[in-house]
1. If you take every residue apart from residue 57 with its C-beta less than 12 Å away from the C-beta of residue 57, what net charge results, scoring Lys and Arg +1 and Asp and Glu -1?
2. Hey, quick one: spin label on residue 116, modelled 7 Å out along Cα-Cβ, who in segment 77-93 has an amide N within reach, i.e. under 16 Å?
3. If the only charges are +1 at each Lys and Arg Cβ and -1 at each Asp and Glu Cβ, what is the size of the charge dipole of segment 32-131 around the Cα centre, to the nearest 20 debye?
4. Leaving out ligands, DNA and RNA but keeping every protein chain, what accessible area does residue 520 have, in Å² rounded to the nearest 10, with a 1.4 Å probe?
5. Residue by residue through segment 488-499, what is 3J(HN,Hα) from phi via Karplus (6.51 cos²θ - 1.76 cosθ + 1.60, θ = phi - 60°)? Round to whole Hz and write x for glycine and proline.
6. For the chain, what does the helix formula give at 222 nm: sum of -39500 (n - 2.57) over DSSP H segments with n ≥ 4, over the residue count, nearest 500 deg cm²/dmol?
7. For segment 183-200, take each phi angle, set θ = phi - 60°, evaluate the Karplus expression 6.51 cos²θ - 1.76 cosθ + 1.60, and give the result in whole Hz per residue in order, putting x for glycine and proline.
8. Given 212, 346, 325, which one lies farthest toward the positive end of the charge dipole of segment 207-361, if we put +1 on the Cβ of every Lys and Arg and -1 on the Cβ of every Asp and Glu?
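The values are calculated or read from the model by the stated rules, or taken from the named source; none is laboratory data. The model shown is predicted, which means the values in this text are computed figures rather than measured ones. Neighbour counts run over all protein chains shown; Cβ positions are idealised from the backbone, glycine included. These accessible areas exclude ligands, DNA and RNA; they are computed on the full protein's heavy atoms, side chains included. Shrake-Rupley method; radii C 1.70, N 1.55, O 1.52, S 1.80 Å.
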Amino acid sequence: MEIGRRELVLMGGFGFGAAALAGPAAMAATLRANGFTHNVASGEPGPNSALLWTRYVPAHGGETRLTAEVAETPDFKTIKAGGVAVARRGDDYTARVTVAGLEPARFYYYRFIAANGAVSPIGRTRTLPVGPVGRFCLGVFSCANMPNGWFNAYAHAAARDDIDLMVHTGDYFYEYQRGYYPNAQKAVAGRMIEPPTEAIRLADYRLRLACYRADPDLQRLHQMFPMIAQRDDHELGNDSWAHGAENHTPDEGDYEVRKRASIKAYNEWLPVSGQSWSSYEVGDLATIFRPETRLTARSAWLDMRPAVEAAGDPVANLIALRDGPLADPKRTLMGDTQEQWLYQGMAQSKRRGAKWQVVSQQVLVGQQKLPELPQAMLSNLKLPPEGAAYLKAINAAAKAGLPADLDGWAGFPAARARFLSAAQAADADLIVLSGDSHNAWAFDLAQDGRPAGVEFGGHSVTSPGLEEYISVPPALVGQFFVNASPELKWAETSSRGYMAIELTPEKVTGEWVMMEGVKTRSLATRPSRKMQVERGRRIFSP
């Protein structure tokens, strides 16, 4: 459905040129405002329902009852459905309601009305289809670091009329203190984050989310499309797992308290139901699975650096790590309960006749291997002071047959084998969507020498990729990874953007949309890359 100028006016939408909303003064005013402060959003759609979100801060404090209205046209001449939401202090004045009684595969317009007559901006959402489906398209995002650049990927996708549903695989925001990542010299003017300290307490996470959600391009994306969203690590802390995080230190308090705070703030500020994992049926075309691989049951991250720095041969130490703790079958990303849910769900999806089993999750599944880095590349690495230890570790890891990053599925080889084996046992046409890495990847996934599916690894919205650290032409870097990794079919390590994943009964086509840059606000793009997989083949087409 194409939205024309009249509809945009009726929706009260601010277009891409609304730079007045993007400056620090406007940001500060938004964070202090009363009324509807952060536009509207929708998420987790069903064939007959949609979850609607807004935030309303009353001038008098206390709580406010909001009436939600849903219509087929943006003039709201005929109200088709509605509900009641309550904005209260205990939820940071965010409010949500799931509206039922809708028709499948339809665009709807919605708004909220406060008791004093104030009316929110108008949003647009879309229900999921039922029965035969000829085409369905997902916009897929990850890793949006506000001070590192403008959310041009969000703006570009929000202006499209060929996407049905947005998916966010995580790192919706970053918890770091101001000036750390990126440093003050590399931070983009006008992209100031609040609070200036690292997010640790509930108030910190709420303010950081309020800051991100004040961005006009992110608001526009949420206003125009429903979203399925899932947390990755930076919604809490770097490389987080069930009971800790790489950058959580004892002086920062109880990790469990911090985890609960981060989850509460996330569930308040995004259009989500709060369910840790869920699935969504797209008629007979696909089932989309949204697992939780971070905070529910993930085993502790294994750091290679202690083994490299310990006495003895670093390679021998890493081989002992590889064949011992890393290979432990008890290591998990999801836990037994969720694993069984996913494995049974893939089998059930296949039995009901769904053409594709789509698993949208956080970290790379594909086997990304590295040979020992050539001297030409080593001499061109731009690493922070602590990078020397990391560089020593990844070179030793290459000699030991280990991947460079154990935070992804490569750090949980037994769990990875269970996942891919379950997909094979279900005869699934598996499509994995991933984020986290900041770079673009296409993997053929295999288990026991047999194809198990393909993975579209998404590049970041703004977070820097390998181009930030390696002064080597990106094409050479990508080929370096492809040559070293049998499962990897293509890589691009220098562009920011998002993926558009088009599903049809016979094939899935993934497009990596490459933005021209993120240091200025722009809709300009570079040439994109497309790859496809045909149903039944479970490998990318040549």
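1. +1
2. Counting only backbone N, you get 87-89, 93.
3. Roughly 140 debye, rounded to the nearest 20.
4. Probe radius 1.4 Å; accessible area of residue 520 about 90 Å².
5. Taking θ as phi minus 60°, the curve returns 7, 9, 6, 8, 9, 10, 9, 10, 9, x, 7, 10 Hz for segment 488-499.
6. -7000 deg cm²/dmol
7. After applying 6.51 cos²θ - 1.76 cosθ + 1.60, I find 6, 4, 5, 9, 5, 7, 4, x, 10, 6, 9, 10, x, x, 8, 4, 6, 10 Hz.
8. 346
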